[in-house]
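The values are calculated or read from the model by the stated rules, or taken from the named source; none is laboratory data. Computed from a prediction, not measured in an experiment: that's the story for all the values here. Note that each Cβ is placed from the backbone with ideal geometry, even for glycine, and that neighbours are counted across all protein chains shown.
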Amino acid sequence: MSGLPPYASTGQRAWYYGFRVICGLIFFFLMAPILVIIPLSFNAQDFFTFTPEMLRLDPAGYSLQHYEDFFTNPDWQQALSNSVRIAPAATVLSVVLGTLAAIGLSQSHVPFKGAIMAILISPMIVPLIISAAGMYFFYSRVGLQGTYLGVVLAHAALGIPFVIITVTATLVGFDRSLTRASASLGANPVTTFFKVQMPLILPGVISGGLFAFITSFDEVVVVLFVGSAGQKTLPWQMFTGLRDQISPTILAVATILVVISVALLTVVELLRRRSERLRGMSPG
């Protein structure tokens, strides 16, 4: 039952409503930049401010010209093509390695699990500029700096921690007796994994994969260090546009990325609820 109990004191009521006001203000603070960018992306002029026509809600003040420029400009399309090539490959690698690592660390007999887990999730804890600099010096020595494979491996390293965390959280409620029952019926470990374990942890795996995809698709710092002009991704092109030439097309691209992120996070939430239902943690 939600809400305040009828016997709540004045102080409890004040904290109850005050806490919600504070949360609302924080939410508005986080959302305000997005709420400004989206309408500005439809500006009919090459301005980063609201024109008088836009403020009057005059249709003449709105246009899709910046979106048209994004879909017709070869520089933006090349950057989009690179992002579409890099992000899925990095996501697949993150999902495979992260899932195997999470399953291995979930075993009780693995020594030094805490230390291993800390090392594996360190890319999401260590400042990104430090990770990027380290990758640059390492890749330059092994010949991966400035290559497609190097960027994919770098983004996979950033995405693996998200997969490990989500899959590990899914494995918390996993019934180990199911794998033992499968083994007692003659199934080998590979069959047990794909037929018994994988269907139950699949929501966590997909959620981790979506987070890894978002991380790769939106990442700019690492690709600046380990990539080259041939691997210029969409965030890199946006960064270049802000530094060299101020183009309102950036607002259109930012709006598209916001829509993609919201859609992916919605899928993640739906998968989280499905995972809880499968593990019996919430009503169906």
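Kindly indicate the residue of the range 116-160 that is of a type in the set (S, T, Y) and farther than 18 Å from I214 by Cβ and also surrounded by the most Cβ atoms within 10 Å (Cβ to Cβ) among those meeting that condition.
Taking the candidates together, the pick is Y139.
Taking helices (runs of 4 or more DSSP H) that fall entirely within the range 35-153, which contain at least 2 residues that are farther than 30 Å from S247 by Cβ and not acidic (D, E)?
Output list reads 74-105, 113-120, 128-142.
Which condition number does L105 fail, the rest of (1) under 30 Å from P248 (Cα atoms); (2) assigned by TED's automatic domain parsing to the domain that holds D218 being met?
With respect to (1) under 30 Å from P248 (Cα atoms); (2) assigned by TED's automatic domain parsing to the domain that holds D218, L105 is out only on (1).
Given the conditions (1) modelled with pLDDT of 85 or more; (2) touching an Asp or Glu at 6+ places or on another chain (Cβ under 9 Å); (3) not aromatic (F, W, Y), and given that D69 satisfies all but one, which numbered condition is not satisfied?
All conditions pass for D69, except number (2).
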